[in-house]
Amino acid sequence: MTEFELAELVRDIAKHGLREPIVLDSTGEFLVDGRNRKRACERANIEPRYRRLDPDVDIFAYVVSVNLHRRHLTADEQKALIREIKEHNPDMSNREIAKIANVGRTTVNEALSCSTDQDRPVEQKTKGADGKLRPARGRISDAKREAIINDLKRNVLTTRDIAARHNISVGTVAGIKHRATAPGQSSRSPTIKEQLERRKQNLKPYDSMTREERGMGTREYGAEQHPDYPPGWTRDAVHRENYGRIQIDTPAKIAQRKMAMRFTELIGTLASLLRGSPLPCELDGLSAESAEMIHLQLRKLAPQIIELMSEFLRTLGRADDWQTQPTEIEARPDQLDS
């Protein structure tokens, strides 16, 4: 304060007392806010009142916030305050400074562009609101920029992968990509098909992957019988069938295996019917309606079962074993009624 402002404060405190206490840190040793009020109390011979901050309060942010709300600052005073904040917190990003100083990011950029950016060392990092450290604005080294351009020219990694690889933001990679594109050359993003081809090229060889990397779990888990497949199909066999990167079997063999699974399910169904088949005395007690329903179901399903068995045997090359039986049944369809 000037002498005139301090004299006005002394007269006000002498008349009305100290309205706002003087703020100390949590230990009570350092004065945080109220230097002019303390001087005014000493001149007015009034005992000052004190208040301590909580231990978890950021003293620097508190001082900036209190002074910003207490009086209006000119544009030059705001820029001086911004530079002071940056001097005390070199790792703080421009966004965080704008939040503390209660100004726009454009004001922060203008205040810092004329002085601090030229003196800032290359590869210095600033801390963002998420707590992560990133390279300072526009201060990526030439070696890192060249490495990013080489990754972009190889057209193997996506923009996000390149950003993660070099610990920079996606927007920085996009800016370098845009500036590095030659005139007349397209800077379009890769299509989905191109991205898939890149990922296939970067896949780790299947044989060198661990069981966990393949998603197969432990060996004990892989040796278990799969609950949704016929006996003999372990979890490892099902995993290789559905997710194996290297196709061991031909499409014809895969089709045969699927048909064998269907046939096994059919045999299992027939076996369960045999185990729970009714006795002749129980059939005699059926009503005409129930007997007609069973008769219709047999006429509907029996030809399909015969056709499936014939197809399965033809696949195995043993169609001769089945030649006589279908012919006999087809020649005497009345047997289905008995």
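The values are calculated or read from the model by the stated rules, or taken from the named source; none is laboratory data. This is a predicted model, so every value here is computed, not measured. Every residue, glycine as well, gets a Cβ built from its backbone with ideal geometry; the counts of neighbours run over all protein chains shown.
Mind listing whichever residues of segment 206-230 are part of a helix (DSSP H, G or I) and modelled with pLDDT of 85 or more?
Matches in segment 206-230: 219, 220, 221, 222.
Within the set of pairs 6+ apart or on separate chains, which have a first residue in segment 141-164 that is without any contact (Cβ under 8 Å) to a residue 24 or more places away in the chain, a second that is among the hydrophobic types (A, V, I, L, M, F, W, C), and C-beta atoms under 6 Å apart?
141/122; 151/157; 151/162; 160/170; 162/173; 163/170; 163/173
Which one is nearest to the chain's Cα centre (by Cα) among residues in segment 231-265 that are charged (D, E, K, R) and modelled with pLDDT under 75?
If we take residues in segment 231-265 being charged (D, E, K, R) and modelled with pLDDT under 75, then 245 is nearest to the chain's Cα centre (by Cα).
Report, by residue number, each residue of segment 7-39 that is over 58 Å from the mean Cα position of the chain (by Cα) and either of a type outside the set (A, V, I, L, M, F, W, C) or surrounded by 14 or more Cβ atoms within 10 Å (Cβ to Cβ) (or both).
8, 10, 11, 12, 13, 14, 15, 16, 17
Yes/no per residue for (1) of a type in the set (A, V, I, L, M); (2) in contact with a strand residue (DSSP E or B) (Cβ under 6 Å, 6 or more places away or on another chain); (3) in a helix (DSSP H, G or I); (4) surrounded by 10 or more Cβ atoms within 10 Å (Cβ to Cβ):
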| site | (1), (2), (3), (4) |
| --- | --- |
| 268 | no, no, yes, yes |
| 274 | yes, no, yes, no |
| 278 | no, no, no, yes |
| 286 | yes, no, no, yes |
| 301 | yes, no, yes, yes |
| 304 | no, no, yes, yes |
| 310 | no, no, yes, yes |
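Scanning segment 84-103 for residues that are aliphatic (A, V, I, L, M) and either farther than 15 Å from residue 67 by Cβ or touching a Lys or Arg at 6+ places or on another chain (Cβ under 7 Å) (or both), which turns out surrounded by the most Cβ atoms within 10 Å (Cβ to Cβ)?
The selected residue is 97.
Suppose we keep only residues that are outside any helix (DSSP H, G or I) and within 17 Å of residue 201 (Cα to Cα) within segment 145-179. Which one would you say is nearest to the chain's Cα centre (by Cα)?
158
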